[in-house]
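The values are calculated or read from the model by the stated rules, or taken from the named source; none is laboratory data. Please read all numbers here as calculations on a predicted model, not as lab measurements. Please note: Cβ atoms are built from the backbone with ideal geometry, for glycine as well, and neighbour counts cover all protein chains shown. Please note that ligands, DNA and RNA were not included when accessible areas were found on the heavy atoms of the full protein model with its side chains. Shrake-Rupley method; radii C 1.70, N 1.55, O 1.52, S 1.80 Å.
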Amino acid sequence: MSRLLGRTLERVCKAVLLLCLLHFLVAVILYFDVYAQHLAFFSRFSARGPARALHPAASSTTNCSRPNATAPSSGLPEASSARPGPMAPVLPPCPDSPPPGLVGRLLIEFTTPMPLERVQRENPGVLLGGRYTPPDCTPAQTVAVIIPFRHREHHLRYWLHYLHPILRRQRLRYGIYVINQHGEDTFNRAKLLNVGFLEALKEDATYDCFIFSDVDLVPMDDRNLYRCGNQPRHFAIAMDKFGFRLPYAGYFGGVSGLSKAQFLRINGFPNEYWGWGGEDDDIFNRISLTGMKISRPDISIGRYRMIKHDRDKHNEPNPQSSASPQTSLTPGLIPG
């Protein structure tokens with residue numbers, strides 16, 4: 001009996017010894033596998049590190065030389081030999097129909113003080129200079145908003161406060177250009193709009209839609225999309241000062257939009273209207289002369305509130321505003 005028990009214990013001990021040996025072998029294999037992975041990781045890290053550190057030095061050498069000079073060779077491998085970084089994601093097109101997230105009818109008021117710091121704080125995605133690009137889609141158009149301006153800082157803050165959120169909800173890639181007339185000579189709205197068109201294209205040649213807006217007009221519905229179509233667009237068709245009605249059939253004032261091709265086709269805006277009034281009727285006639293028609297939103301959507309103000313000094317009514325309609329496309333962007 002004791003001999004049988006001794007053999008059993010011997011077998012159990014051998015089995016335990018074999019299990020321990022097997023466990024030891026597995027532990028050794030896992031150890032060397034993890035060590036190899038860590039070694040590969042640090043090898044890749046050390047291979048990438050110097051390339052990033054040396055790149056700024058190469059750039060600063062180029063910048064310190066003459067603008068048209070050739071940078072001296074540093075003896076380093078060309079940048080093309082570096083491992084390519086991750087590609088930027090391809091964004092889907094922005095919706096052509098009214099995008100999701102629009103509010104519709106808006107409550108517009110001008111009684112609350114509007115510091116510029118608040119406008120900046122409420123629009124963190126807008127870049128310096130009033131530029132914005134949607135982060136989640138690719139717009140079909142690039143829109144330049146042109147504002148003729150002089151001595152209206154108070155109005156401009158309200159305009160920016162309301163328009164930046166509206167344009168962002170409309171999924172627009174846009175830039176805002178405030179074209180200031182210096183000095184105290186008689187105001188020329190149309191000439192400022194021509195200047196804005198040219199200056200915007202100097203900064204970004206991809207602009208293909210231009211919205212021309214007075215600084216004292218704010219849309220009351222964000223479904224009034226600031227985009228360009230097949231025909232010139234009149235946005236401000238129902239202002240509160242006109243009882244939310246179109247004052248007359250040929251009215252094209254306040255806020256309008258033309259594509260780059262349409263603007264060039266009418267030779268821009270007339271340059272000879274000094275003072276208030278007349279230039280918008282001339283623009284309407286230019287559009288008619290070139291065989292185009294005015295498109296407008298529904299009157300329930302094209303509603304605007306105007307910031308009340310007194311008539312500006314040196315912006316008296318233009319005597320040409322009551323004269324006969326123009327029948328020529330000159331003078332304009334290209335003088336006749």
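The table that follows gives values for the structure above.
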read-out: Integer Hz, Karplus 6.51/-1.76/1.60 couplings in order for segment 167-184, x for Gly and Pro; value: 5, 5, 5, 7, 6, 9, 8, 9, x, 10, 10, 9, 9, 8, 8, 6, x, 10
read-out: Order by protection proxy (mean Cβ within 10 Å, highest first), peptides 227-233, 179-185; value: 227-233, 179-185
read-out: Positive-pole candidate from 194, 251, 209, dipole of segment 153-286, charges at beta carbon; value: 209
read-out: Rounded to the nearest 10 Å², the accessible area of residue 186 at probe 1.4 Å; value: 50
read-out: Residue 264 paired with residue 91, simple spin-label distance in nm, labels 7 Å along Cα-to-beta-carbon; value: 2.7
read-out: Rounded to whole Hz, the Karplus (6.51, -1.76, 1.60) HN-Hα couplings of segment 265-271, x for glycine and proline; value: 5, 8, 6, x, 9, x, 9
read-out: Packing rank of 212-223, 236-247, where each peptide gets the mean count of other beta carbons within 10 Å, highest leading; value: 212-223, 236-247
